[in-house]
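Taking it in order: structure first as structure tokens, then the write-up.
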Amino acid sequence: MRCLLSAMLAAFVLASCTENVRVVWTEGETDPATGKAVHTLTVVNAPEGTDWNLWLTSNHISSGEVDGTEGVIAPHHGCLYKMTPYEHSGKDLTVLYTDSPLQRHCWAPEGFVLEHKGKVKKLEAEYVFLPSERIPDFPYNQVETKVWDMIPSLKKVVPAEGVTVVEAMPEVTFVESCKPGWYRITLDGTCRVEAADEDGAFYAKVTLDNLKRNAGGNELPDMVIEDWPDLDYRGFMLDISRNFTTKDNILKFIELLSHYKVSVFHLHFGDDEGWRLEISKFPELTSYGAYHAFPEKNAEGEYIETKGLMPSYNGGADPKDMSSSANGHLTKEDYIEIIRYAWERRIEVIPEFDTPGHSRAAIKAMEMYAARTGDTSYLLSEPEDKSKYVSVQYYKDNAINVALPSTYRFLEVVFDELIAYHKEAGVPLPAIHVGGDEVPGGAWVDSPACQKVMKERGWDNIELLKSYYVENVLDIAEARGVKISGWQELVMDLEDHVYQRMKKNLYSINFWHTGEGQEEFPYKYANDGVPAVLSNMTNTYVDFAYTPDKLERGLSWGGFVDERRSFSLLPYDIYRSVRWDDRGRMRDISALPEGKVELKAKENIVGVQAQLWTETVRSFDHVTYYVFPKVCGVFERAWNASPVWEGTVKADDPAFMSALDTYYSTVVSHEMPYYESMQINYRSRK
């Protein structure tokens, strides 16, 4: 009884000590001399003594303490940081630290957790931001829109006198056409629909639905519409790894994509911060790798991840909190429902789990699988590997060991289960996307297994292990008759025989890093036979903030993307796809292609894709706000790849400005009311 009372008393004392603890984070002014700011972290009613820590997550804290501080903030791993207090007086503890100026309010530290006497508690936070100037959107002229104005715009419309009442989609007549996805709608008192294929029939239905929506009813003006997509691959990538999006919200999102005649939904489910799709042979991939928990301290004082991955971007530290975007996964049944739902809307799903970099969730989960089962034959990591590296997201253990036979046994299982899911669903599997981007330098250097492979092959360049990895992935894919996709790094710096073999097995490559100095890559590889999907960060990364306004959510490491920037994309003239810079100033695009690789194989520009990475996403409202209406320009260009203003060499050429006015007037007049009808959060004009 005495022990029980003592334990109860200790728990009461701890609760009393931490009950009123909270955090206030204050943005600091920028010092013009250094370009840095001193931010302030105040722990209100801080516990006495120094036997406690405050944990937080942040994009990146570049430097530490200054004079007068009462604690120090140090990186732990990834975006997780630990504040350790010094001796202090009074109830409030103040930590001052020098860092970069805060560019977005959503970049401020979050996920504050108090660790005290072996217990952890989530803390409420208050933010004090400096006043910031609102930045207006780009200028445009609102013009009158017609019933047939929609996104993507129709290729040919011939208006006629009269009206036609369309109650339902008529029976489709299939005709021969050289254009996949072609359709024609004739409204002349009756409604007739012709189509080249099932895709065209579906797109005709979408167009009729849009016409009725724009007209406010079933009575439509007579006209003849002839339409088709220029690019077969019109894609959208949703990252559900960094922060999770539920099945029901994914289904709603696919419905929104179908409204824009999207043909590919690229589902990014495996990355450093989470593995979000059930693979039945490896339960730990989702029971562990899809949930985030505060790390526990072992007997040696080391923090170990026992119940889930350590907190990442949103700071979630409770694996049971299903309201947190840190937690959650799709079951097999969820995935099958998603791919069937998409296919009914003529959208194919390409699943992606990133490898061999960006793989921390899978690596850690398979270590847990081995610990539970004693089966080490599927490990992705080598205990003896002493390689030291840091990824672009500050992880030190996110690269799969490409020399281990167990790595390829793991990949075989995942390939087989994905193939089986699509077979059971009765829908196509165009490709399995294996990522291939941003493998950190230094990975594999001190791995005995990697050194063994290099010695056997007579290699002295660690970079050749990439070719070794790709060869093994190709073995798996070829044996199963499935194509592979990847990010641009997957085809770069390979041995020639591997590169040639790769080209025969590719479905597509997403060219994303098309900033200055790298904008030639899509054309260089397309000219050499690589099927290129333009995924330009400068035009299609919808996770980038709309403007430099500090109240806007989103990243901006590659610039800002708004509706004008997405509309400016030119698949066949990528060098003139950015007409205004990130501060709204016109760029001189007259001489841009000089000295650049010329596109000679237009047929290998197979598509355009928008991307939503979710580091700064915390809810489905954020997903739809980032995407709509910014994505409209991408979908317009995917359908109509060669606009009438293509070839103009002045940023504000009248042909471009006229097209921009019509496009954005359509967004305001027709698309924003549609978002209202779908009851989604979207960004209205600021």
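We did not get these values from a lab; they are worked out from the coordinates using the rules stated. All values derive from a computational prediction rather than experimental measurement. Note that we place each Cβ from the backbone using ideal geometry, even for glycine, and neighbour counts take in every protein chain shown.
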Under the definition of Cα pairs under 8 Å and six or more residues apart, what whole-number percent is the relative contact order of the range 156-227?
-> 45 percent
Kirkwood Rh for the range 290-406 from C-alpha pairs, in Å, is 16.5 Å
Where the only charges are on Cβ atoms (+1 Lys, Arg; -1 Asp, Glu), what is the dipole of the range 282-377 about its Cα centre, to the nearest 20 debye?
-> 140 debye
The rounded separation in angstrom of the Cα centers of the range 89-166 and the range 190-248 is 28 Å
All alpha-carbon distances of the range 555-653, grouped into 5 Å bins from 0, give the whole-percent distribution 2, 11, 20, 23, 20, 14, 6, 4, 1
Where the only charges are on Cβ atoms (+1 Lys, Arg; -1 Asp, Glu), what is the dipole of the chain about its Cα centre, to the nearest 20 debye?
-> 460 debye
Between Leu251 and Glu495, how many nm apart are label points set 7 Å from Cα along the C-beta direction?
-> 4.9 nm
Can you tell me which of 600-610, 426-436, 300-310 comes out highest on packing, and rank the rest after it, using the mean Cβ neighbours within 10 Å?
-> 426-436, 600-610, 300-310
Loop only per DSSP, at most 15 neighbouring Cβ atoms within 10 Å: give me the chymotrypsin sites (Phe, Trp or Tyr not before Pro) in the range 64-121, ordered by residue number.
-> Tyr86
Pairing the Cα long axis of helix 448-457 with the longest principal axis of the chain, what angle in degrees results, from 0 to 90 and rounded to the nearest 10?
-> 50 degrees
Loop GluC sites (Glu not before Pro), the range 379-482 (other Cβ atoms within 10 Å of the site Cβ: 11 or fewer; DSSP) | Glu384
Labelled set [x] 18, 53, 28, 1; [y] 17, 48, 30, 6, 0; [z] 16, 45, 33, 6, 0; P(r) over Cα pairs in 20 Å bins from 0, in percent computed from this model equals the value at [y]
Nearest 10 degrees, 0 to 90: what angle lies between the long axis of helix 405-425 and the longest principal axis of the chain (Cα atoms)?
-> 40 degrees
Pairing the Cα long axis of helix 654-666 with the longest principal axis of the chain, what angle in degrees results, from 0 to 90 and rounded to the nearest 10?
-> 70 degrees
Could you tell me what percent of the DSSP beta bridges with both partners in the chain are antiparallel, to the nearest 5?
-> 55 percent
Taking placed amide H atoms and a strict 5 Å upper bound, the residues 5 or more places from Tyr389 or on another chain that come that close are none
Whole-Hz Karplus couplings 3J(HN,Hα) for the range 613-626, θ = phi - 60° and coefficients 6.51, -1.76, 1.60, Gly and Pro as x, run 7, 10, 4, 9, 8, 10, 6, 5, 4, 5, 3, 6, 5, 4
Between the range 525-569 and the range 399-440, the Cα center-to-center distance that results, in Å = 27 Å
Assuming R0 = 56 Å, can you tell me the calculated FRET efficiency for the pair Asp92 and Gln518, based on Cβ-Cβ distance, to the nearest 0.05?
-> 0.70
The range 370-396 residues near the modelled Lys455 label - backbone nitrogen below 17 Å, point 7 Å along Cα→Cβ | 384-387
Taking 0.36 nm per residue of separation between Val445 and Arg134 and subtracting their Cα-Cα distance, the length gained on full extension comes to 107.1 nm
Highest mean first, what order results for 592-598, 618-624, 113-119 on Cβ atoms within 10 Å?
-> 618-624, 113-119, 592-598
Can you give me the relative contact order of the chain as a percent, contacts being Cα pairs under 8 Å and 6 or more apart?
-> 12 percent
Two-site FRET efficiency, Arg587 against Lys117, from Cβ-Cβ distance with R₀ of 41 Å, rounded to 0.05 = 0.10
Per DSSP, the loop-located trypsin sites (Lys or Arg not before Pro) within the range 388-418 having at most 11 other beta carbons within 10 Å are Lys388
For the range 156-227, go through all pairs of different Cα atoms, get the mean of 1/r, take its inverse, and jot down that Kirkwood value in Å.
-> 12.0 Å
Work out, step by step, the length gained on full extension between Ser100 and Arg372: first 0.36 nm times the residue separation, then minus their alpha carbon distance; give nm to one decimal.
-> 93.6 nm
Kindly provide the helix-only [θ] at 222 nm of the chain, computed as the sum of -39,500 (n - 2.57) over DSSP H runs of four or more divided by all residues, to the nearest 500 deg cm²/dmol?
-> -8500 deg cm²/dmol
